[in-house]
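See structure below.
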Amino acid sequence: MRRFFPLVLLLVSIFGAPACFAAKKWRVYPNCTLVENPANDGDSFHVKYNRRRYLFRLYFVDAPESDNSLPERVREQADYFGLSEKDTVQLGKEAAKFTQKFLANGFTAHSKLKDALGRSKKDRDYAMIQVGEKYLCEALVENGYARIFGLTEDELPDGKSGKTLLWRLKSLEREAQKNKLGGWAPRLTRMEEMQQRALPPAAVLPPAVVPAPAPVPTPAAPDTVKPALEQQTITLENSINVYSLLDPGKLMGILKAGADVQILGEEPRDMVRIRFKTPAGKVYEAQCFRRELGL
């Protein structure tokens, strides 16, 4: 066999590589549906196409793990986003919900059936997942739910360059960082987290956790005196910045327009103590500028 090996190379160079060595082409799977499975996460999930089922893994990105069964991977992801490992796993759960919602009405999968390995006994293949004109990998990075990481392709299913997509992903990531979305949003410090755990249910208005010095009254003209602030719930008309109760100069994040905010009382320096609920259902307290609430 060793004697004929050069001849094989010569034949390949003359006649081209046989089919088994040829570059694989994209296969298209339109009208796919997501299959519910406990192992589904932000970048890997079970899919039904016609009567067959597939397990696909995304190219170009890596969403955080939704549990800590792979501690080394979680640590890498935590370092990437600058989060604790606990917050990274929570982000992974949010990413899984985002993907589920993104794919809820059906999607198109493009795959070359390259083996993506993984812990499942079922074959798992890399794929580009598309809804309308947008790839899922773009949507995940755009919302701060995945890092740019993993296997790439030189040419995309639409014929565009893989490098072009990488540049776009990096641009989307910068925007997500700027807007503090997903994993780029400020997380609670350990002290703030302990404070939130000590809070009673949201329906009960607690006393101030952090005592604030009484503001020094200053004379004001009658027409500049602000009305007393009443406890109430309002819906934000504009996005506002929210700051830590323990460190008023520390920005916790941004509440977007449309969020419901419970007004708890006044704080010094024209600030207002508020309570709000995150999309994940967690209740937090913070403070914001009164003028941003329009009160």
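Laid out as a table, the results:
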{"quantity": "Criterion violated by residue 39 - all others in (1) out of contact with any Cys (no Cβ under 7 Å at 6 or more places or on another chain); (2) surrounded by 13 or more Cβ atoms within 10 Å (Cβ to Cβ); (3) part of a strand (DSSP E or B) satisfied", "calculated": "(3)"}
{"quantity": "Among (1) more than 31 Å from the chain's Cα centre (by Cα); (2) modelled with pLDDT under 85, the one test that residue 201 misses", "calculated": "(1)"}
{"quantity": "Where residue 95 falls short, out of the listed (1) under 16 Å from residue 41 (Cα atoms); (2) free of Cβ contacts under 8 Å to residues at least 40 places away in the same chain", "calculated": "(2)"}
{"quantity": "Residues (hydrophobic (A, V, I, L, M, F, W, C) and touching a residue at least 60 places away in the same chain (Cβ under 8 Å)) located in the range 250-295", "calculated": "251, 252, 254, 280, 283, 295"}
{"quantity": "Test: residue in the range 8-29 that is touching a strand residue (DSSP E or B) at 6+ places or on another chain (Cβ under 7 Å), at pLDDT 95 or above and exposed (fewer than 15 other Cβ atoms within 10 Å of the Cβ)", "calculated": "yes"}
{"quantity": "Single condition residue 195 does not satisfy, out of (1) in a loop (DSSP other than H, G, I, E, B); (2) modelled with pLDDT under 90; (3) not aromatic (Phe, Trp, Tyr)", "calculated": "(1)"}
{"quantity": "Residue in the range 245-262 that is more than 24 Å from the chain's Cα centre (by Cα) and at positive phi present", "calculated": "no"}
{"quantity": "Those residues of the range 133-183 which are over 24 Å from residue 104 (Cα atoms) and of a type in the set (Gly, Ala, Ser), in sequence order", "calculated": "150, 159, 161, 162, 171"}
{"quantity": "Flag if residue 246 is surrounded by 10 or more Cβ atoms within 10 Å (Cβ to Cβ), at pLDDT 85 or above and of a type outside the set (Phe, Trp, Tyr)", "calculated": "no"}
{"quantity": "Failed criterion for residue 74 (all others in (1) more than 23 Å from residue 173 (Cα to Cα); (2) without any contact (Cβ under 8 Å) to a residue 24 or more places away in the chain; (3) of a type in the set (A, V, I, L, M) hold)", "calculated": "(1)"}
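Conditions (1) buried (at least 21 other Cβ atoms within 10 Å of the Cβ); (2) closer than 19 Å to residue 24 by Cβ, marked per residue:
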| site | (1), (2) |
| --- | --- |
| 110 | yes, yes |
| 123 | no, yes |
| 137 | yes, no |
| 141 | yes, no |
| 150 | no, yes |
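The values are calculated or read from the model by the stated rules, or taken from the named source; none is laboratory data. Quick caveat: nothing in here was measured; it's all calculated off a predicted structure. Glycine also receives a Cβ, built like all others from the backbone with ideal geometry; neighbour counts cover every protein chain displayed.
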